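Any read-out appearing in this document is the output of simple, stated calculations on the displayed coordinates, not a laboratory observation. Because the structure is predicted, anything quoted here is derived from the model rather than measured. Cβ placement follows ideal geometry from the backbone for every residue including glycine, while neighbour counts extend to all protein chains displayed.
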Amino acid sequence: MSSTNYEPVSIIASFDTEGHIRPLYIRVNSESLKVHSCWLKPSFRGTIEFQCKVIDNDCLKDVNIIYRQSDNIWSLVKDYIT
């Protein structure tokens, strides 16, 4: 993953006892976006990639979120950030 394509973001996520992770909210430019739905995508070892739909100004938008397990960092594709 190239750091030029992704921006670290704050995420509120749910973790269950079986090790499943689900992002609930994403903070982008001091705005909190609710995750409407998400799917796991195939990803590299040590990362979890989610294809999500977020609610932004009453519209559903697609975003990709990466979670790097080794350092607990969430990142968002910079194309989404405005």
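Data overview
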read-out	value
Cα shape, the chain, gyration tensor, a/c 1.5 rule	oblate
Over the chain, relative contact order from alpha-carbon pairs under 8 Å, at least 6 apart, %	26 percent
Chymotrypsin sites (Phe, Trp or Tyr not before Pro) restricted to region 10-82 and DSSP loop, no more than 10 other C-beta within 10 Å	Phe44
Inter-label distance for Glu7 and Lys41, nm, one decimal - labels placed 7 Å from Cα along Cα-to-Cβ	1.8 nm
